[in-house]
Each structure stands twice: as structure tokens, then as C-alpha cells.
Amino acid sequence: MECIVRPAQSADCDHLMGMIREIAEYHNLLDEVKINSQVLSADGFGGDPFYQCLVAELAPEQEGKQGHLIGYALFFFGYSVNTGRIVYLENLYVVSESRGQGIGKKLMSEVAKLALARGCVEMKFTVAEWNVRALAWYRQLGAQDKTEAGGWHCVELGGEALQRLAGDRR
Ligand SMILES: CC(C)(COP(=O)(O)OP(=O)(O)OC[C@H]1O[C@@H](n2cnc3c(N)ncnc32)[C@H](O)[C@@H]1OP(=O)(O)O)[C@@H](O)C(=O)NCCC(=O)NCCS
């Protein structure tokens, strides 16, 4: 399948939001999706972007399907005190009917190119334990499971705990 990978634009946010809901559903976490396409657009395409995103789009020559998005990689840059500049891959998704055709790898490869161009030395991401297919997929790209190798836990502090910590009791 011929597809192009390009930076997402604000106009893609409705479609992107649909795919974000699909991957949340895949993880049985639809209730945890609190953002909408307006938030996604403001956070990614406003004055102080919090993330970057690449989308896979069917190539124009696929008659009648121009502009049809079939996957995305959403990521942002960060810093490791051990290794320096890193990229964090928040989400990688290819719609079910387009999987196994090299699109996920193409998206990952483009994120890797952008990361290397910005001096990053690592790409980090988390994978659900039950998602053995995705784990195997990342492994064949050369990724290492840090939970398995070093016992690292993925920890979050959010909602009321975060507000309490900040002294804000709204
Ligand atoms: C994981 C996902 C992004 C992969 O995208 P994809 O487009 O289906 O994968 P690709 O077609 O690019 O895979 C390319 C390579 O991986 C190999 N591969 C595919 N599935 C594999 C698997 N389960 N285990 C090992 N290798 C696999 C292919 O043989 C191919 O190798 P090659 O380039 O040497 O020929 C996609 O399946 C997906 O969106 N899954 C559901 C959501 C998800 O789990 N996302 C990750 C959340 S952390």
C-alpha cells in the first residue's frame, strides 16, 4: 500500500482524535480519554506545542482515498540525566486494515530520523504487558524491555494527588 508520512496539521485533529479513541478502545481504556480535538489542536499547534505528530496518509494516486489517514505517531522531546536528549513516543497506531504493510515501521523510522536530527540518543515508550504482539514488534526493531531487564515501574501521579501536592485543593 502506497502511503506518505507527513507532519500532522491542525486540520487533521478530528481524524487524529478518532484514531486516538480507536487505540484507547483497543486497550480497553476509552473512559480515560479526556481530551477532544480542540484540546489536541491547541496543545499541538498553538504557540507552545506540547507534542509533535506524524501521520500516514494514503498516497494521492490511491484514487478516491486522498487525504485518508491510516496511522500516526505522536511524540515529544525530553531529557535523560543519564543519556541526554531523548524522544518519548506517546502513541503509535496503524488502523487494523492497514497493518502488516510496513506503515508502522515507516512512521517509527521517520520519528527516529527527526530524533537523531535533534541530537537524541534514545526513544522511550511504554507497552501494555498484555500487548505481546506490539512488544514482539518493538523487539524486532531492536527495542529492549526495561521492566524485564531492570525492574523499572511506570509511575504516574495525577488528578487530586497532583493538586494536593501543588497545594491547590480546588
Ligand atoms: C504495532 C503496530 C503499530 C505495527 O504497525 P504495522 O504497520 O502493523 O507494522 P509493520 O507492517 O510496519 O511491521 C513491519 C515489520 O515488523 C514485522 N512484524 C510485524 N508484526 C510482528 C510481530 N508481531 N512480531 C515481530 N515482527 C513483526 C514484519 O514482518 C515487518 O518486518 P520486515 O520489515 O523485516 O519485513 C500496529 O500493528 C498497531 O497499530 N497495532 C495496534 C496498536 C498498538 O498496539 N500500538 C502500539 C501500542 S504501544
Top-ranked residue of the stretch 33-63 - restricted to ones that are loosely packed, with under 14 Cβ neighbours inside 10 Å and of a type in the set (D, E, K, R), ranked as nearest to residue 106 (Cα to Cα): 61
Residues that are surrounded by fewer than 19 Cβ atoms within 10 Å (Cβ to Cβ) and out of contact with any Asp or Glu (no Cβ under 6 Å at 6 or more places or on another chain), drawn from the stretch 78-87: 78, 79, 80, 81, 82, 84, 85
Spans of helices (runs of 4 or more DSSP H) in the stretch 50-167 with at least 2 residues closer than 26 Å to residue 26 by Cα and more than 11 Å from the ligand (Cβ to nearest atom): 103-117, 146-150
Tally of residues being loosely packed, with under 10 Cβ neighbours inside 10 Å and of a type in the set (A, V, I, L, M) across the stretch 137-170: 5
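Go through the stretch 3-15 residue by residue and tally those that are more than 14 Å from the ligand (Cβ to nearest atom) and either open to solvent by less than 70 Å² (accessible area, probe 1.4 Å) or under 18 Å from residue 104 (Cα atoms) (or both).
Let us first name the residues in the stretch 3-15 that are more than 14 Å from the ligand (Cβ to nearest atom), namely 4, 6-15.
Then drop every residue that is not either open to solvent by less than 70 Å² (accessible area, probe 1.4 Å) or under 18 Å from residue 104 (Cα atoms) (or both), which leaves 4, 6-8, 10, 12-13, 15.
Qualifying residue count for the region: 8.
The values are calculated or read from the model by the stated rules, or taken from the named source; none is laboratory data. These numbers were taken from a predicted model, which means no experiment stands behind them. Reconstructed Cβ throughout: ideal geometry from the backbone, glycine too, with neighbour counts over all protein chains shown. The accessibility values were calculated without ligands, DNA or RNA, using every heavy atom of the protein model including side chains. Shrake-Rupley method; radii C 1.70, N 1.55, O 1.52, S 1.80 Å.
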